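To keep things clear, I will list the structure first and then write my remarks on it.
The values are calculated or read from the model by the stated rules, or taken from the named source; none is laboratory data. Model, not experiment: these values are computed from the prediction. Neighbour counts are summed over all protein chains in view; Cβ atoms, including those assigned to glycine, are modelled from backbone coordinates with ideal geometry.
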Ligand code: FAQ
């Protein structure tokens with residue numbers, strides 16, 4: 001029914017447009033996914049691209065803080081697990097770049113936007129990993145936050161993004177468990193190890209709370225993205241879910257969340273918590289966090305060092321295409 005309406009619109013361009021818009025709106029209302037070949041408003045396409053490319057870049061830049069510890073993981077087993085996790089993040093980046101490409105933007109263009117500093121990636125990856133406990137804490141808190149954000153996105157309105165996130169979320173669950181296991185080992189270890197776990201929690205708590213984006217009162221995209229089901233919950237709702245889920249985990253570990261205002265509110269059934277330092281968040285997003293420059297430098301070097309691989313792959317593909325053409329002739 002949908003195809004027929006779009007392909008054989010009655011009347012002029014204006015009417016055809018509004019028929020397409022009506023079909024699009026109806027699909028959104030009825031939670032029928034929008035697919036790459038479907039008509040979509042330009043603003044929807046742009047908003048999706050902005051979010052998916054930001055997400056893809058986050059997965060790729062997000063390999064750096066933990067990758068920093070692969071050679072220093074405390075045992076062969078921990079090293080293997082960490083290597084697998086970091087490789088998973090690379091895979092997530094690739095599924096997401098592919099999902100973004102279905103909207104008409106080539107990966108090279110997205111990479112160029114990242115390397116030139118025009119495209120964003122998650123603020124959380126601009127903090128340093130100073131100790132092994134930081135690696136565990138990233139898995140526990142950062143992957144934990146990512147799961148809370150991304151499980152609802154498996155039901156978002158754009159098919160390729162929603163489907164990519166099904167696998168991403170399964171892998172993030174494993175990442176969260178491995179992080180919790182590292183922190184648990186340290187928290188239940190020697191007093192020095194416990195202190196190391198507490199120190200990592202002290203440094204990563206607030207940046208993790210800020211990962212969900214600015215407060216709803218300052219979010220530019222909450223309203224439209226939620227209307228289009230590109231986001232299913234607001235930043236503050238997801239943040240609350242994260243705090244509610246994580247506080248009991250910290251208690252089980254015998255660690256203290258660094259927030260003097262944190263308390264369980266019987267009347268709401270939620271934890272009330274303090275206000276993050278939003279000035280710090282905006283500074284980091286603008287490029288002035290502790291590691292922003294290092295992160296972009298590392299990505300630029302990786303891109304330049306990988307030029308020969310891209311050239312070789314392209315030459316190989318061209319040669320195969322030429323051979324196929326001559327075989328067919
Ligand atoms: N960092 O109006 P809103 C992971 C920007 S993946 C930097 O609320 P929106 C896996 C935002 O882009 C983590 N910038 O925006 C992993 C916008 O600027 P723009 C990434 C941020 O898009 C684990 C402006 O502020 N996950 O962790 C941030 O509706 C371990 C206004 O904000 C995703 O990307 C931030 N934290 O909501 C990997 C999930 N927050 O674009 C390795 C998908 C906001 O107009 C190791 N994304 N901004 O220039 C989303 O759900 C949304 O994009 C939000 C932001 C919730 C992040």
TODO: Can you tell me which residue within the range 27-46, out of those that are closer than 16 Å to residue 159 by Cβ and assigned to a helix (DSSP H, G or I), is farthest from the ligand (Cβ to nearest atom)?
DONE: 27
- [ ] Among the residues of the range 220-248, write down those that are buried (at least 19 other Cβ atoms within 10 Å of the Cβ) and part of a loop (DSSP other than H, G, I, E, B).
- [x] 228, 229, 230, 231
Open item on the list: Please determine whether any residue of the range 278-286 is more than 24 Å from the chain's Cα centre (by Cα) and either surrounded by 15 or more Cβ atoms within 10 Å (Cβ to Cβ) or more than 19 Å from residue 137 (Cβ to Cβ) (or both).
Closed with: no
TODO: Looking only at the range 113-121, decide whether some residue is within 30 Å of residue 185 (Cα to Cα), at pLDDT 95 or above and in a loop (DSSP other than H, G, I, E, B).
DONE: no
Open item on the list: Looking at residue 324 and the list (1) modelled with pLDDT of 95 or more; (2) more than 26 Å from residue 113 (Cβ to Cβ), which single condition is not satisfied?
Closed with: (1)
Task: Residue list for the range 228-252, filter: more than 10 Å from the ligand (Cβ to nearest atom), over 17 Å from residue 274 (Cα atoms) and in contact with a helix residue (DSSP H, G or I) (Cβ under 8 Å, 6 or more places away or on another chain) - done: 228, 229, 249
Task: Single residue of the range 39-53 satisfying the filter (surrounded by fewer than 18 Cβ atoms within 10 Å (Cβ to Cβ) and out of contact with any helix residue (DSSP H, G or I) (no Cβ under 7 Å at 6 or more places or on another chain)) that is nearest to residue 295 (Cα to Cα) - done: 50
TODO: Check every one of the helices (runs of 4 or more DSSP H) wholly within the range 270-329 and list those with 1 or more residues that are more than 26 Å from residue 126 (Cβ to Cβ), in contact with a strand residue (DSSP E or B) (Cβ under 9 Å, 6 or more places away or on another chain) and away from the ligand (no atom under 16 Å from the Cβ).
DONE: none
Open item on the list: Pairs please, first residue from the range 26-52 and more than 13 Å from residue 161 (Cα to Cα), second anywhere and modelled with pLDDT under 95 and crowded, with 18+ Cβ neighbours inside 10 Å, Cβ atoms under 6 Å, 6+ apart in sequence or on different chains.
Closed with: 39/20
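Rundown of residues vs (1) more than 18 Å from the chain's Cα centre (by Cα); (2) over 30 Å from residue 197 (Cα atoms), yes/no style:
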| position | (1), (2) |
| --- | --- |
| 93 | no, no |
| 113 | no, yes |
| 117 | no, yes |
| 121 | no, no |
| 124 | no, no |
| 132 | yes, no |
Task: From the options 98, 71, residue that is in a helix (DSSP H, G or I) and free of Cβ contacts under 8 Å to residues at least 24 places away in the same chain - done: 71
